[in-house]
Amino acid sequence: MTTRVPVSEWLFRWPSDHPVLLASRCLNCGNHVFPVQDGCPRCTSDASEVVELGSRGTLWTWTVQGFPPKAPPFLGATSPEGFRPFGVGYVELPGQLKIEARLTESDPDKLEIGMEMDLVYDVIGVDEQGNEIVTYAFAPAGQEGQS
Amino acid sequence: MSGVAIIGIGMHAFGRTEGMSGMDQGVVAARRALADAGLRWSDIEFAVGGSMQGPQPDSMVSRLGLTGLPFTNVVNGCATGGTALATAANAIESGRADVAITIGFDKHERGAFRISSDSKGPDWYGGSGLALTTQFFGMKITRYMHQYGISQSTLAKVAEKAFRNGSLNPMAWRRKPLSEQEVLDSAMLSWPLTQYMFCSPGEGGVALILCDAKKATQYTEHPVYLRASVMRTRRYGSFEVLAPSLALEHNDGPTADASRDAYEAAGIGPSDVDVAQLQDTESGAEVMHMAENGFCEHGEQEAMIQAGDTEIGGRLPINTDGGCLANGEPIGASGLRQVCESVLQLRGDAGERQVPGHPQVAYTHVYGAPGISAVTVLTR
């Protein structure tokens, strides 16, 4: 079986039996920021805690990445045969923030502002050792049909 | 601000110039600006240079002349030109110099900007395929179209206008007119934006010579006055490029803030502006920036653009030199290109693309990563 590795150790819980995103919550004003950082951009406080974000939200806006990003830094396939367009959007997590994410859906006819989305883990590409590189993504609610 | 005049402009053609570095193009622009002002390098008392890609702009004194002048280098993303201009203008207003030069140049590799980020471990953002400015443009206009009813035809008409204007500009990169249908039929890069709706990183150089406004007529019969030069960063709650997360609440972005400050400094309003150069990294940006800079209400762009209001002969001509779409975007030079075009329009020297009716007030605007904007207001 292929080994899976996270694209970063500090964005989401890994390993985990269900996907969980990590963020900073300001101890002064309650503002959330992703990814975890020191310093609150809202109130300028530097006191924060690490919290888990919600895993369901609504699609606030979206696009489709139609051409291969340059590698580096991109970790996915960039050849004309290997590259597959992917959706990108902001998902509004109630009471927390809007998070930017890859979307598992890339068909413009199936993406709509306001639709419900669920957090999933998704594969970006394969590293030099053959490991699958995993990151967080959002899928249309009810369609989290992978890993 | 009314104490600074632009008395010389110079430009190296935008596009791709094999065998010339970005700095070579900056040197050409500087020499042309000096010739336009009737000055020599030894007359310049203060210099500011802007370049994203480098090399360090002040090193060009080895070719322009080792006169010992103070030379400040500026890197401020897409606001590099605006910041360089403001820095030179401040030197004049403070009394430090009577005559100053601002030089911007760049030469970028082909294709979308390669953006690597992050000091904390691996570059997860770029690695995931999210570090692309093109995605932000697609996402911002997708939401805007949803909220305000802008059509894809209007996005295509913006590009059609840019290439038509570019075809009238000998300094432009893309000088072949394209029809609305050709724009719509080109490759879909980042929904809903197609290939010809996007500008490309490119090459070019621009230089401006500034002086104390009281002395401007000693140098030229047609000075242009810099009434405002403002740069702003983003506030909490704005929707910006390259942002892994956004706030739930919404505030105006840096464009609206810089614009308001600039109108206040200049003592004029948007209805006084006769010709505007607005950041058009892609078609959607020009549409949204029309409202963010105060030229219309959100959503009014649809009717305005369909009616031709932003054409050279229209009510408010926008991006008369073809904008970033037809000129490409060498970051250090791009904001100064807008000022250069404004000076040509105000002098009445814009040739085939001259706005009729003797424009009196010109406006320029840039926007860029990670959420910055620079605006200038210029008058005859």
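Quick note: the coordinates plus some simple rules give every number you see, no bench work behind them. What you see is a predicted model; the values in this text were computed from it and never measured. Virtual Cβ from ideal backbone geometry, glycine too; neighbours counted across all protein chains shown.
Laid out as a table, the results:
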read-out: Karplus-derived 3J(HN,Hα), 6.51/-1.76/1.60, for each residue of the stretch A:88-94, Hz, glycine and proline x; value: 9, x, 10, 10, 7, 9, x
read-out: Residue (of A:TRP62, A:LEU103, A:VAL120) at the positive-pole extreme of the stretch A:55-140, dipole from beta-carbon charges; value: A:TRP62
read-out: Distant alpha-carbon pairs in the stretch B:58-181 (separation over 22 angstrom), percent; value: 65
read-out: Residue exposure sequence - B:MET20, B:MET139 - by fewest surrounding Cβ within 10 Å; value: B:MET20, B:MET139
read-out: In order through the stretch B:87-99: 3J(HN,Hα) via Karplus (6.51 cos²θ - 1.76 cosθ + 1.60), integer Hz, x for Gly, Pro; value: 5, 5, 5, 4, 4, 6, 4, 6, x, 5, 9, 8, 10
read-out: Per-residue Cβ neighbour rank within 10 angstrom, fewest leading, B:TYR225, B:TYR367; value: B:TYR225, B:TYR367
read-out: Kirkwood Rh in Å, taken over the protein assembly as shown so that all alpha-carbon pairs contribute; value: 23.9
read-out: DSSP-assigned coil residues among GluC sites (Glu not before Pro) in the stretch A:64-147, each with at most 12 further Cβ atoms within 10 Å; value: A:GLU81, A:GLU112, A:GLU128
read-out: ³J(HN,Hα) computed for each position of the stretch B:139-156 - Karplus, 6.51 cos²θ - 1.76 cosθ + 1.60, integer Hz, glycine/proline x; value: 6, 5, 6, 4, 5, 5, 4, 5, 7, 10, x, 7, 9, 5, 4, 5, 4, 5
read-out: Quotient of Cα Rg and 2.2 N^0.38 Å for chain B, N being how many residues it contains; value: 0.93
read-out: Efficiency of FRET between B:ASP349 and A:ASN131 - r from beta-carbon atoms, R0 45 angstrom, step 0.05; value: 0.15
read-out: DSSP-assigned coil residues among GluC sites (Glu not before Pro) in the stretch B:253-352, each with at most 16 further Cβ atoms within 10 Å; value: B:GLU297, B:GLU300
read-out: The protein assembly as shown - share of DSSP beta bridges that are antiparallel (%, nearest 5); value: 80
read-out: Label-point separation, A:VAL123 to A:SER45 (7 Å along Cα→Cβ), nm; value: 4.3
read-out: Residue-span extension gain [B:GLN195 to B:GLU297] - 0.36 nm each, minus C-alpha spacing; value: 34.0 nm
read-out: Cα centre as origin, Lys/Arg/Asp/Glu Cβ charges: chain B dipole, Debye; value: 600
read-out: For the stretch A:58-147: relative contact order, % (alpha-carbon pairs under 8 angstrom, 6 or more apart); value: 28
read-out: Lys pairs under 30 Å by Cα in chain B, provided they are eight or more residues apart or on distinct chains; value: 11
read-out: Of every Cα-Cα pair in the stretch A:55-140, the percent that sits beyond 15 Å; value: 58
read-out: Gain upon complete extension [B:ALA307, B:ARG260; 0.36 nm per residue less C-alpha separation]; value: 14.2 nm
read-out: Debye, to nearest 20: dipole size of the protein assembly as shown, +1 on Lys, Arg Cβ, -1 on Asp, Glu Cβ; value: 1200
read-out: Residues A:CYS40, B:CYS199, B:CYS324, A:CYS29, sorted so that the one with the fewest Cβ neighbours within 10 Å comes first; value: A:CYS29, A:CYS40, B:CYS199, B:CYS324
read-out: Residue-averaged 222 nm ellipticity for chain B, from DSSP H runs of 4+ at -39500 (n - 2.57), nearest 500; value: -10000 deg cm²/dmol
read-out: Lys/Arg +1, Asp/Glu -1 at C-beta; chain B dipole; positive extreme among B:THR379, B:PRO170, B:PRO70; value: B:PRO70
read-out: 13 Å beta-carbon shell around B:GLY351, net charge (K/R +1, D/E -1); value: -2
